[in-house]
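Everything on this sheet refers to the single structure shown next.
The values are calculated or read from the model by the stated rules, or taken from the named source; none is laboratory data. Bear in mind the structure is a predicted one, so any value in this text is a computation, not a measurement. Don't worry about glycine lacking a Cβ; one is built from the backbone with ideal geometry, like all the others, and counts go over all protein chains shown. Quick note on the areas: whole protein, heavy atoms, side chains included, nothing else; ligands and nucleic acids left out. Shrake-Rupley method; radii C 1.70, N 1.55, O 1.52, S 1.80 Å.
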Amino acid sequence: MNSLTNKQILLGVTGGIAAYKSADLVRRLQDAGASVRVVMTTAAQEFITPLTMQALSGNPVHTALLDPAAEAGMGHIQLARWADVVLIAPASANFIARLAQGQGDDLLTTICLATAAPIAVAPAMNQGMWLNASTQANLRILLERKVQIFGPADGGQACGDVGPGRMLEPLQLIDAVAGMFQSGLLAGKKVVITAGPTREALDPVRYISNHSSGKMGYALAQAAMEAGAKTILISGPTQLAAPERIECISVTTAEEMLQASLAHVPGCDIFIAAAAVADYRAAQIAPQKIKKTLDDSLTLMLIKNPDIVATIAALKNKPYTVGFAAESENLLDYAQQKLQRKNLDLMIANNIGSEGIGFNSDDNAVTIIDAQQSQELTKRSKQQLARDLIVIMAKNLMDNQ
Ligand code: PMT
């Protein structure tokens, strides 16, 4: 199993002789399973060409903030959203100073300001520059802001000095980045997640379903697994590959999803219902294909499906139970009502009327509601959102125990 499977790493390269190592780093990140996009500062391009990084990463290299053509392709905000992690390697003393000051005067600093993803820097500089009080003060600021500092290593330097300031080797950086995805927050816990749509047959060729892609639920499963939980994903039909290190149970109908949920709920600490379950199914599944008639209309009799998350929340030893509400109007009111009606601990409301979020999108934006309060999580990738949600659920679980 590669340690960075399905991860999206935005690699920032700044000006320093260690920039030559970032070419190898791109390869190693890909070998570990990550997709890599490279952003280079102007100074970095003095040490290694964008063409080299483009050839290695297989993606266009981003170099300028005010380049209309590049912004039309993947602009700085999209890059900031795309990243699961922003890794700056090498990070020069100058870049560290600019990051600490919150500058946004080039593409890489702007991405760092805009992103909701964690940021890590791998410093590389002369030992005197590293030990300088200004650099150390800047690093303290970054640490306070939860930027991770990887290295530097001690040793001989390109200028002939010996001391701290060498960039960590690519394989050490891979381990450090992989560690960023493993919080241990849910170590020893069991999490069960439903994802995707359900399909309710009408006849041998037709069914009732919806546009859920499963992306939100799969991202939650990945985030729960990375937080150390034994994770079980109960998925309706999707186009997504079953994530590694997660027990994945494929179901088709709401009834099957309910049975799988009940089978796996014993010992479960958190149950997350991200699936878009069909509320109704055909009263009778026609044994043969329903034929077109001369009538202008056709009446189908539908009956209610069981409510899976409400059934789990009604159990005597119920897990911490989380629902999703997909609403196109009155988001907070309807979500609040569902929280209470289904006896949930947390409701995650997504406004499916908004462009680019909700069903089948790569991003999502939600409001989370519990009995006490509500909190908005602005638009970000479903992977990042899932990690943020898992942190909140883990904290709530701890507070409840
Ligand atoms: O899969 P994606 O394309 O990534 O899209 C994600 C999503 C929009 C599907 C997801 O974020 C989401 O909102 N899922 C819930 C959608 C939904 O069906 O909402 P609802 O308001 O109908 O249901 C409320 C809650 O009850 C949900 O947690 C649902 O899983 C659960 N439910 C509903 C009906 C039912 N019979 N059983 C249930 O458990």
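Cross-link reach is defined here as a Cα-Cα straight distance under 16 Å, omitting same-chain residues fewer than 8 places apart; for LYS304 the lysines meeting it are LYS342. Please report, as a whole percent, how much of the solvent-accessible surface of the range 1-143 comes from carbon and sulfur atoms (probe radius 1.4 Å). The computed percentage sits at 54. Note on the range 179-326: with neighbouring protein chains present and a 1.4 Å probe, carbon and sulfur make up 53 percent of its accessible heavy-atom surface. Placing unit charges on the Cβ atoms of the charged side chains and taking the dipole of the chain about its Cα centre, the candidate lying farthest along the positive direction among LEU139, GLY214, ALA187 is ALA187. A protection proxy built from the mean count of other Cβ atoms within 10 Å ranks the segments 156-169, 288-301, 133-146, most packed first, as 156-169, 133-146, 288-301. Note on TYR334: accessible area approximately 80 square angstrom, rounded to 10, probe 1.4 Å, nucleic acids and ligands left out. Each residue was assigned an accessible area with a 1.4 Å probe, and for ILE369 the value is about 10 Å². For the pair MET74 and SER250 in one chain, pulling the backbone fully straight at 0.36 nm per residue adds 59.9 nm over the alpha carbon distance.
The figure for ILE174 is an accessible area of roughly 10 square angstrom, using a 1.4 Å probe on the protein chains alone.
A simple spin-label model places the labels of MET301 and SER134 8.2 nm from each other, with each point 7 Å out along Cα-to-Cβ.
The gain in end-to-end length when the TYR280 to GLN259 segment is fully stretched comes to 5.9 nm, 0.36 nm per residue minus the alpha carbon separation. On C-alpha positions alone, give me the angle between the axis of helix 331-341 and the longest principal axis of the chain, in degrees, nearest 10. Value to nearest ten degrees: 60.
With a ≥ b ≥ c taken as the square roots of the eigenvalues of the C-alpha gyration tensor of the chain, please select rounded if a/c is under 1.5 and otherwise prolate if a/b is larger than b/c or oblate if it is not? Taking the square roots of the gyration eigenvalues as a ≥ b ≥ c, the chain is prolate. Distance from the C-alpha centroid of the range 212-291 to that of the range 344-379: 19 Å, rounded to the whole angstrom. Accessible area per residue for the range 8-180, computed on protein heavy atoms with a 1.4 Å probe, is 42 Å².
Is the shape of the range 190-400 rounded, prolate or oblate, going by the alpha carbon gyration tensor and its root eigenvalues a ≥ b ≥ c, with a/c under 1.5 for rounded and a/b larger than b/c for prolate? Prolate shape, in that a/c is at least 1.5 and a/b is the bigger ratio. Charge dipole (Cα centre; +1 on Lys/Arg Cβ, -1 on Asp/Glu Cβ; no other charges) of the range 83-160 amounts to roughly 160 debye. Probing with 1.4 Å while keeping every protein chain in the model, the per residue accessible area of the range 190-400 equals 50 Å².
Length available on full extension from GLU144 to VAL162: 0.36 nm per residue minus the Cα-Cα distance, which gives 3.6 nm.
Going by accessible surface with a 1.4 Å probe and the largest first, LEU389, LEU185 read LEU185, LEU389. Applying 1/(1 + (r/R0)^6) with R0 = 35 Å to the Cβ-Cβ distance of ALA242 and THR378 gives a FRET efficiency near 0.70.
For the range 99-240, a crude dipole built from +1 on the beta carbon of Lys and Arg and -1 on the beta carbon of Asp and Glu, taken about the Cα centre, is about 600 debye to the nearest 20. Placing unit charges on each Cβ (+1 for Lys and Arg, -1 for Asp and Glu) gives the chain a dipole about its Cα centre, and among MET167, GLN384, GLY236 the Cα reaching farthest toward its positive end belongs to GLY236. Of the trypsin sites (Lys or Arg not before Pro) found in the range 296-401, the ones in coil according to DSSP and having at most 12 other Cβ atoms within 10 Å of their Cβ are LYS316. Dipole check for the chain: with +1 at the C-beta of Lys and Arg, -1 at the C-beta of Asp and Glu, and the Cα centre as origin, the magnitude is about 700 Debye. Each residue, SER183 and TYR334, gets one label point 7 Å from its Cα in the Cβ direction; the gap between the two is 2.9 nm. Taking the longest Cα principal axis of the chain as reference, the axis of helix 382-400 is set at about 80 degrees.
Please work out whether the range 295-355 counts as rounded, prolate or oblate from its C-alpha gyration tensor, where a ≥ b ≥ c are the square roots of the eigenvalues and a/c under 1.5 means rounded, while otherwise a/b larger than b/c means prolate and anything else oblate? Oblate, since a/c reaches 1.5 and b/c is not below a/b.
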